[in-house]
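I have placed the structure first, in the form of structure tokens, so that the comments after it can refer back to it.
The values are calculated or read from the model by the stated rules, or taken from the named source; none is laboratory data. Note that the structure is a prediction, hence the values are computed from the model and not measured. Methodologically, a virtual Cβ is constructed for each residue, glycine included, from the backbone with ideal geometry; neighbour enumeration extends over all protein chains shown.
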């Protein structure tokens, strides 16, 4: 239904969503191939035929599985469907995909066993499982006549010898080897299962040394099959997060002891990488030495923004093509991307200014009613709400600095708006925040519209982008719009979609483990704090969506909560900088842009506020709501008349 | 109940009896041993008081985080040395002692699912021919479909000891997740995420414990999703309060497919009602121990002591393994 060669009309498109199927795990091999959009920057960095192992990490939806499956044998063969026998010589590798989740490794973590034994026991099982996967690939090559029967028999005979099984057949085939390996594996399965129930150590014979079958099966394949002569067997090990620390040490041991002709690409979520140590002598594998690391979402996030935007445009075009729709140019034209501010607003801020001036009388408390009116006359710009907001902001800044407000108001009225340098500067910095305030005062919310903005929200993560697009399409259908044909997608549909996508992202980014509740609560509080700052009368920073913290001053648990939030991509780490005293390290963390609509936050990279240890502890370190309320009130007191506690919070 | 569609245990010849709360004290039989998991709900405490048994034992589950001062003073207690479900079940069995010639009834209402399932596996392993289970229905859940039972998030999602067969990890093309659905969206989501590669089949409780609960169940499942198209979604229906019918539904759906190699790995995740969880366990232990099947659960850090109000009725289930044909 989704992938059709019939050109749809608006009517037939109804009921299908071209952006459904955002997860690579839901796609078939042919769909993986059809929907893959290459990013040359990634393919230049890593290649399955390279010798150096690679660790591919990223958050959910960063594209790891799609990439690994794209490199896997079944999809390789699809790309060479006309001449499958040429597959390996033209690419230089055979991609063997292994889903580590299928190992159900959690059952090996029996409390009765020390970690090293868990690692080795699991390792044997792991090697056999990978060998089975490779054997199935060899079977596939046999079915396609890419390998000969005699080659396969020789391979199977030698493989049986490797695993220590004497074959009764003169010419064993892949089925015989799978059956023999299956028997060994079943014994391990039953023993581990029963031992867990009986609370004893599992007992089974380990027939090979660590890695012997893992590398042996691949090296034998290179020897036995002419088409694999000189070809790299690349193991694509996906879902590393499903292995515990001891089991990952086994995998790291394989990385360290890699053999010529066999490479590894490990795929895992950022939070799921638990160790770089090996089993023996606790050696540590290091990026750049034993392996390369590519963090996909960081990579996509930090590369030129236009590259990711182009990537998104290509994906949208491809998805719509598959649904039978040909776009006539860039997707941007299909979205409403500009919405003018109203020329008249409620002027709530102006009314608030009148009240606070009357109540507090300015920094010295001495303004009388005539003086208040004089100030208001100088600032009033009913026909130009944004300029009026800027003028009010400037007055509040002067109030905070203790400047006489009559003089301040006069300076803001001088020379008209066009040449008022100060207001122009304020608008350059705070336009986004002031517009957001105006929209909120009129009962609305800040806008996140336009194709470009939607790609920025996704923050380098393709699944996030696809979920936004899926929601956009759904809301268009719901409201009777006809996207991709004539009328641009409305502001309302885009707004609803980004809110839906933000809620989805927040709910989907479940932190597994002891810090889950603290992370969730902390994010809500942080969002509330940043939003309160943005919508305060005198925001301390423009477009504040990130914060600095000296985490050496935090409790260990709070640091762990922050780390968990970053690993699960709820917070995004920006490059660290040294603190004022050089022995301190300041972290800069930004709320993931996908979450910005949830709290009406900006999505630029500009504004960073300094948060103290006390503030961070109240946000992420404690369940006590009162301490957070107090911290919030103290922070906001500096941002609204009468501006108590002059000066912003510092880290130190 | 329809006859089994193909060879396998017969879950039909098992007794279930509905009992009013006051009727627990006048059941037609008394028991040698009652084992119940202590919590703060009225339905658990009244059942413990009313069921007639020579020995009554409270299991103190670590996930409820009761302090010593909050524990019953005059009853026999099992206070496990660890929260590991294998240890909890083992220490419970040790406390119970030799079951030869004795009748045991387990009130499953307050049990953690993972501990309950290991206990049932131990009863199977001990070849206890017959045992009874009690489950007490609440009047209602405290927050209806928004009720959360687990606290502190999901610690892990993993196979339960005693419930892992054997599968080829290199072949995952037709892995299938059978999700027993309930209210706790966070728990269900964790399982779905763990087995995101598998085709998913949802088991909804129908008939539900209370009429409104079916719709609440449907709402919870709707919150899980995501991306499945209508053609990809599959749903089974099994009574929320009948373990035997639940086991039968699973048997009917998967018996042939498992034995004919059409499923590379079957993952049963009973995150719905505890009674359904028992049904999943009976099905697995009777039919799947040597097949590519496993039962897995999300493990919470802590559990809410009181998520229900009232006690509407109880159910007594007689599990006769000999009659079921599960002891061959």
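Taking the criterion of being in contact with a helix residue (DSSP H, G or I) (Cβ under 6 Å, 6 or more places away or on another chain) and either facing another protein chain (nearest Cβ under 8 Å) or over 30 Å from residue A:84 (Cα atoms) (or both), the residues of the range A:130-144 that qualify are A:130, A:131, A:132, A:134, A:135. Kindly establish whether residue A:62 is away from chain B (no Cβ under 14 Å), in contact with a strand residue (DSSP E or B) (Cβ under 9 Å, 6 or more places away or on another chain), assigned to a loop (DSSP other than H, G, I, E, B) and modelled with pLDDT of 90 or more. Criteria not met by residue A:62.
Checked across the range A:631-646, the condition of being modelled with pLDDT under 90 and at positive phi holds for at least one residue. Of the residues screened, residue A:189 is not one that is more than 12 Å from chain B (Cβ to nearest Cβ), modelled with pLDDT of 90 or more and outside any strand (DSSP E or B). Can you name the condition, by its number, that residue B:180 falls short on among (1) surrounded by fewer than 24 Cβ atoms within 10 Å (Cβ to Cβ); (2) at pLDDT 90 or above; (3) within 19 Å of the chain's Cα centre (by Cα); (4) under 29 Å from residue B:87 (Cα atoms)? Against the list (1) surrounded by fewer than 24 Cβ atoms within 10 Å (Cβ to Cβ); (2) at pLDDT 90 or above; (3) within 19 Å of the chain's Cα centre (by Cα); (4) under 29 Å from residue B:87 (Cα atoms), residue B:180 comes up short only on (1). Among the residues of the range A:594-612, just one is in contact with a strand residue (DSSP E or B) (Cβ under 7 Å, 6 or more places away or on another chain) and assigned to a helix (DSSP H, G or I), namely A:596. When we screen B:73, B:56 for residues that are outside any helix (DSSP H, G or I), surrounded by fewer than 21 Cβ atoms within 10 Å (Cβ to Cβ) and at pLDDT 95 or above, the only hit is B:56. Can residue B:250 be described as at pLDDT 90 or above and either facing chain A (nearest Cβ under 7 Å) or part of a strand (DSSP E or B) (or both)? No, not satisfied. Here residue B:244 fits the description: more than 14 Å from chain A (Cβ to nearest Cβ), under 25 Å from residue B:134 (Cα atoms) and part of a helix (DSSP H, G or I).
For residue B:108, the conditions (1) buried (at least 20 other Cβ atoms within 10 Å of the Cβ); (2) out of contact with any helix residue (DSSP H, G or I) (no Cβ under 9 Å at 6 or more places or on another chain) all hold with the exception of (2). Would you please name the residue that is farthest from the other protein chains (Cβ to nearest Cβ), looking only at residues in the range B:92-102 that are surrounded by fewer than 18 Cβ atoms within 10 Å (Cβ to Cβ) and touching a strand residue (DSSP E or B) at 6+ places or on another chain (Cβ under 9 Å)? Residue satisfying both the conditions and the ranking: B:101. Per the conditions (1) over 43 Å from the mean Cα position of the chain (by Cα); (2) surrounded by 18 or more Cβ atoms within 10 Å (Cβ to Cβ); (3) at pLDDT below 95, the sole criterion not satisfied by residue A:151 is (3). Please determine whether any residue of the range A:285-296 is surrounded by 20 or more Cβ atoms within 10 Å (Cβ to Cβ), closer than 29 Å to residue A:456 by Cβ and touching a helix residue (DSSP H, G or I) at 6+ places or on another chain (Cβ under 8 Å). Checked against the condition, which is being surrounded by 20 or more Cβ atoms within 10 Å (Cβ to Cβ), closer than 29 Å to residue A:456 by Cβ and touching a helix residue (DSSP H, G or I) at 6+ places or on another chain (Cβ under 8 Å), the range A:285-296 yields at least one hit. In the range B:276-309, the qualifying residues are those that are out of contact with any strand residue (DSSP E or B) (no Cβ under 7 Å at 6 or more places or on another chain), more than 14 Å from every other protein chain (Cβ to nearest Cβ) and assigned to a loop (DSSP other than H, G, I, E, B), and the one that is surrounded by the fewest Cβ atoms within 10 Å (Cβ to Cβ) is B:306. Of A:254, A:279, all but one fail to be away from every other protein chain (no Cβ under 14 Å) and part of a loop (DSSP other than H, G, I, E, B); the exception is A:279. Would you confirm whether or not the range A:110-126 contains a residue that is surrounded by fewer than 23 Cβ atoms within 10 Å (Cβ to Cβ) and in contact with a strand residue (DSSP E or B) (Cβ under 9 Å, 6 or more places away or on another chain)? Looking for residues that are surrounded by fewer than 23 Cβ atoms within 10 Å (Cβ to Cβ) and in contact with a strand residue (DSSP E or B) (Cβ under 9 Å, 6 or more places away or on another chain), one finds at least one in the range A:110-126, hence yes.
Residues that are farther than 22 Å from residue B:167 by Cβ, in contact with a strand residue (DSSP E or B) (Cβ under 8 Å, 6 or more places away or on another chain), away from chain B (no Cβ under 14 Å) and modelled with pLDDT of 95 or more do not occur anywhere in the range A:237-251.
For beta carbons closer than 7 Å, sequence separation of 6+ or different chains, a first residue in the range A:327-348 that is at pLDDT 85 or above and a second that is part of a strand (DSSP E or B), the qualifying pairs are A:334/A:489; A:335/A:489; A:336/A:489. Taking the range A:526-564 as the range and being touching a residue at least 60 places away in the same chain (Cβ under 8 Å), part of a helix (DSSP H, G or I) and within 20 Å of the chain's Cα centre (by Cα) as the test, the residues that pass are A:526, A:527, A:561, A:564. Would you pick out the residues in the range A:68-105 that are within 12 Å of chain B (Cβ to nearest Cβ), surrounded by 21 or more Cβ atoms within 10 Å (Cβ to Cβ) and more than 13 Å from residue A:237 (Cα to Cα)? Hits for the range A:68-105 are A:104, A:105. Evaluated against (1) under 30 Å from residue A:82 (Cβ atoms); (2) more than 14 Å from chain B (Cβ to nearest Cβ); (3) not in a strand (DSSP E or B), residue A:233 falls short on exactly one condition, (3).
I'd like the full set of residues that are surrounded by fewer than 17 Cβ atoms within 10 Å (Cβ to Cβ), within 14 Å of chain B (Cβ to nearest Cβ) and either closer than 20 Å to residue A:178 by Cβ or in contact with a strand residue (DSSP E or B) (Cβ under 9 Å, 6 or more places away or on another chain) (or both), limited to the range A:199-218. Of everything in the range A:199-218, those that are surrounded by fewer than 17 Cβ atoms within 10 Å (Cβ to Cβ), within 14 Å of chain B (Cβ to nearest Cβ) and either closer than 20 Å to residue A:178 by Cβ or in contact with a strand residue (DSSP E or B) (Cβ under 9 Å, 6 or more places away or on another chain) (or both) turn out to be A:199, A:204.
Scanning the range A:145-159 for residues that are in contact with a helix residue (DSSP H, G or I) (Cβ under 6 Å, 6 or more places away or on another chain) and assigned to a helix (DSSP H, G or I) yields A:151, A:152, A:154, A:155, A:156, A:158, A:159. Considering only residues of the range A:112-129 that are in contact (Cβ under 8 Å) with a residue 24 or more places away in the chain and not in a helix (DSSP H, G or I), which is nearest to residue A:81 (Cα to Cα)? Looking at residues that are in contact (Cβ under 8 Å) with a residue 24 or more places away in the chain and not in a helix (DSSP H, G or I), I get A:113.
A single entry from B:222, B:142 fulfils the requirement of being within 14 Å of another protein chain (Cβ to nearest Cβ) and modelled with pLDDT under 90: B:222.
For the range A:223-230, the condition of being out of contact with any helix residue (DSSP H, G or I) (no Cβ under 6 Å at 6 or more places or on another chain) and surrounded by 19 or more Cβ atoms within 10 Å (Cβ to Cβ) holds for none of the residues.
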